[in-house]
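The values are calculated or read from the model by the stated rules, or taken from the named source; none is laboratory data. Fair warning: this is a prediction, and the values are worked out from it, not measured in the lab. Reconstructed Cβ throughout: ideal geometry from the backbone, glycine too, with neighbour counts over all protein chains shown. All accessible areas refer to the heavy atoms of the entire protein, side chains included, with ligands and DNA or RNA removed. Shrake-Rupley method; radii C 1.70, N 1.55, O 1.52, S 1.80 Å.
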Amino acid sequence: MNWIKALSQDELPANTRKVVKLEDKAILLLNHNQKIYAVENSCPHMKLPMRKGKITDDGAIVCPFHRSAFDLETGELKEWTPFPPGVGKLMGMISQQKPLAVFPTRVDEGNIWVGMES
Ligand code: FES
């Protein structure tokens with residue numbers, strides 16, 4: 001595991017999010033419920049950006065395009081392309097279901113670090 005300094009803690013206040021580039025990947029950092037999450041800013045469905053995805057009460061991030069939902073902590077798929085109604089399900093049937101890539105984070109000496117496979 002390679003720990004990479006992503007931001008200073010001050011740059012990601014509570015309930016904000018920011019996209020950073022780490023090792024050629026766009027990583028979406030979220031400060032949500034007093035925890036820092038790092039997920040790939042690329043939906044596994046059509047590689048569209050997750051940046052504006054809503055977070056559900058049960059801790060999933062929902063892609064703003066076809067509303068696939070993924071566990072924020074583990075990236076586990078919760079729902080695949082339910083939107084738009086009917087069309088979304090058809091799109092889902094011709095695409096391979098995949099989890100969202102997530103990365104461990106830690107805060108150390110005022111900085112946010114993201115762990116990436118080396
Ligand atoms: S691009 Fe995210 S669900 Fe289609």
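Among residues of the stretch 5-26 that are of a type in the set (Lys, Arg), those with a beta-carbon under 7 Å from a residue that is at pLDDT 95 or above and part of a strand (DSSP E or B) at least six positions away or on a different chain give the pairs Lys5/Asn111; Lys5/Trp113; Arg17/Leu28; Arg17/Leu29; Arg17/Leu30; Lys18/Leu7; Lys18/Leu29; Lys25/Glu40.
A quick yes/no check of all residues on (1) on the phi > 0 side of the Ramachandran plot; (2) out of contact with any Lys or Arg (no Cβ under 9 Å at 6 or more places or on another chain); (3) small (Gly, Ala, Ser); (4) at pLDDT below 95:
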residue	(1), (2), (3), (4)
Ile61	no, no, no, no
His66	no, yes, no, no
Phe70	no, no, no, no
Ser95	no, yes, yes, yes
Lys98	no, yes, no, no
Val107	no, yes, no, no
Gly110	yes, yes, yes, no
Trp113	no, no, no, no
Ser118	no, yes, yes, yes
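Counting the residues of the stretch 53-73 that are open to solvent by 80 Å² or more (accessible area, probe 1.4 Å), more than 9 Å from the ligand (Cβ to nearest atom) and not in a strand (DSSP E or B) gives 3.
What about Val20, is it within 9 Å of the ligand (Cβ to nearest atom) and out of contact with any helix residue (DSSP H, G or I) (no Cβ under 6 Å at 6 or more places or on another chain)? Write out each step before concluding.
Values: within 9 Å of the ligand (Cβ to nearest atom): no; out of contact with any helix residue (DSSP H, G or I) (no Cβ under 6 Å at 6 or more places or on another chain): yes.
So Val20 fails the test.
Given the structure, is Asn41 without any contact (Cβ under 8 Å) to a residue 24 or more places away in the chain, within 15 Å of the ligand (Cβ to nearest atom), open to solvent by less than 30 Å² (accessible area, probe 1.4 Å) and under 17 Å from Gly115 (Cα atoms)? So Asn41 fits the description; yes.
Just to be sure I understand, how many residues within the stretch 87-108 are more than 15 Å from the ligand (Cβ to nearest atom) and not aliphatic (A, V, I, L, M)? So the count comes out to 5.
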